[in-house]
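**Q** Have a look at this one before I ask anything.
The values are calculated or read from the model by the stated rules, or taken from the named source; none is laboratory data. Since the model is a prediction, treat every value here as computed from it, not as a measurement. For neighbour counting, all protein chains shown are included, and Cβ atoms are generated from backbone atoms with ideal geometry for every residue, glycine included. Please note that ligands, DNA and RNA were not included when accessible areas were found on the heavy atoms of the full protein model with its side chains. Shrake-Rupley method; radii C 1.70, N 1.55, O 1.52, S 1.80 Å.
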Amino acid sequence: MLDFQVYPTYGLLSRAAADVVVSTLEAKPEAVICLPSGSTPLGMFRELVLRHEQGLVNFTRCTFVGLDEWIGMGPEEEGSCRQVMDQDLLHPIGFRAEQILFFNAKADDLPADCERINQALQQLGGLDLIVLGIGMNGHLALNEPGTPFDTYAHISELEPITKEVGQKYFKTPTILTGGVTIGLRHMREARQLVLLASGEAKAPAIARALRGEVTESFPASLVQEHPDALVLLDSEAASDLLQPGLS
Ligand code: PGA
């Protein structure tokens, strides 16, 4: 079932997102959780770090799964997904290496690395919670439009808009050749899916994801068919949802 909530500010949206992560861990301390990098989740990360410091959440038994990575990048590269994640979440909270499952996007054999992730996830029993952002082209993680809904972790060719928008993570112009990503099937099979969006630029994509046709041409539309999906928005990201013709 698809549920969505609209918050007046990004701060409140971030708190609500952190609440979901905390509830998941309260119900199942050994949960397998997959969280995104990007700009949108930064407020949620700050909340989670704060709650960790206040002793309000215990991450010691969970498994953390990294959502995606740019090909050729790792923790040493400033702006990589892993670097952002290490800096803003994993190190402040003190995750142990054995709790973390992350792509090695520098591997010579990337298909084998994707298979390693797939097998590890299968052994873990799948994802209990996946939190996602949305691209303006409707991508989820680096699953670009046209990616089959039944794909597990895979190598992704990036659309020009993803390469362009991705520049915001780097201090200098950076050639983004592709990505490795958790697949849409992992998302569909996750026991709970949370989609976050903030800001007016995301409003058209959110309207299409929630109200448009469910189609592989717009990956985020899969949220409509997920058995337990929650979409958390600030009012700007929700601003196209009430447009006539989209009901
Ligand atoms: P953002 O990225 O959170 O930086 O907007 C989301 C995405 O492109 O999936």
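**Q** Within region 47-78, how many residues are in contact with a helix residue (DSSP H, G or I) (Cβ under 6 Å, 6 or more places away or on another chain), in a helix (DSSP H, G or I) and either among the hydrophobic types (A, V, I, L, M, F, W, C) or within 16 Å of the ligand (Cβ to nearest atom) (or both)?
**A** 3
**Q** While we're looking at this one, here's another question. Considering region 163-184 alone, what residues qualify as being surrounded by fewer than 19 Cβ atoms within 10 Å (Cβ to Cβ) and within 15 Å of the chain's Cα centre (by Cα)?
**A** Across region 163-184, the qualifying residue is only G166.
**Q** Let me ask another. Kindly indicate the residue of region 147-162 that is in contact with a strand residue (DSSP E or B) (Cβ under 9 Å, 6 or more places away or on another chain) and open to solvent by 40 Å² or more (accessible area, probe 1.4 Å) and also farthest from the ligand (Cβ to nearest atom) among those meeting that condition.
**A** Among them, the one singled out is I155.
**Q** Another question, if that's okay. If E76 meets every condition in (1) more than 30 Å from T215 (Cβ to Cβ); (2) of a type outside the set (G, A, S); (3) within 19 Å of the chain's Cα centre (by Cα) apart from one, which number is that one?
**A** Every listed condition holds for E76 apart from (3).
**Q** Looking at region 197-211, is at least one residue away from the ligand (no atom under 13 Å from the Cβ) and of a type in the set (V, I, T)?
**A** No, because not a single residue in region 197-211 is away from the ligand (no atom under 13 Å from the Cβ) and of a type in the set (V, I, T).
**Q** Scan region 167-182 and report the pairs whose first residue is without any contact (Cβ under 8 Å) to a residue 40 or more places away in the chain and whose second residue is more than 14 Å from the ligand (Cβ to nearest atom) and open to solvent by 90 Å² or more (accessible area, probe 1.4 Å), with Cβ atoms within less than 8 Å and a gap of 6+ or a chain change.
**A** That search, which allows pairs on different chains as well, returns Q167/P173.
**Q** State whether the residues of region 218-240 include one that is open to solvent by 10 Å² or more (accessible area, probe 1.4 Å) and without any contact (Cβ under 8 Å) to a residue 12 or more places away in the chain.
**A** There is no residue in region 218-240 that is open to solvent by 10 Å² or more (accessible area, probe 1.4 Å) and without any contact (Cβ under 8 Å) to a residue 12 or more places away in the chain.
**Q** Select from region 6-46 the residues that are away from the ligand (no atom under 16 Å from the Cβ), crowded, with 20+ Cβ neighbours inside 10 Å and assigned to a strand (DSSP E or B) and list them in ascending order.
**A** Across region 6-46, the qualifying residues are V32, I33.
**Q** While we're looking at this one, here's another question. Would you tally the residues in region 88-104 being surrounded by 14 or more Cβ atoms within 10 Å (Cβ to Cβ), assigned to a helix (DSSP H, G or I) and among the hydrophobic types (A, V, I, L, M, F, W, C)? Don't jump to the end; show me each part of the working.
**A** Within region 88-104, the first condition is being surrounded by 14 or more Cβ atoms within 10 Å (Cβ to Cβ), and the residues that meet it are 88-90, 92-93, 95, 99-104.
Subset that is assigned to a helix (DSSP H, G or I): 88-90, 92-93, 99.
Next, only the ones that are among the hydrophobic types (A, V, I, L, M, F, W, C) stay: 89-90, 93.
So the count comes out to 3.
**Q** So, one more: Of all the residues that make up region 53-87, how many are open to solvent by 60 Å² or more (accessible area, probe 1.4 Å) and either farther than 22 Å from Y169 by Cα or touching a residue at least 12 places away in the same chain (Cβ under 8 Å) (or both)?
**A** Count: 8.
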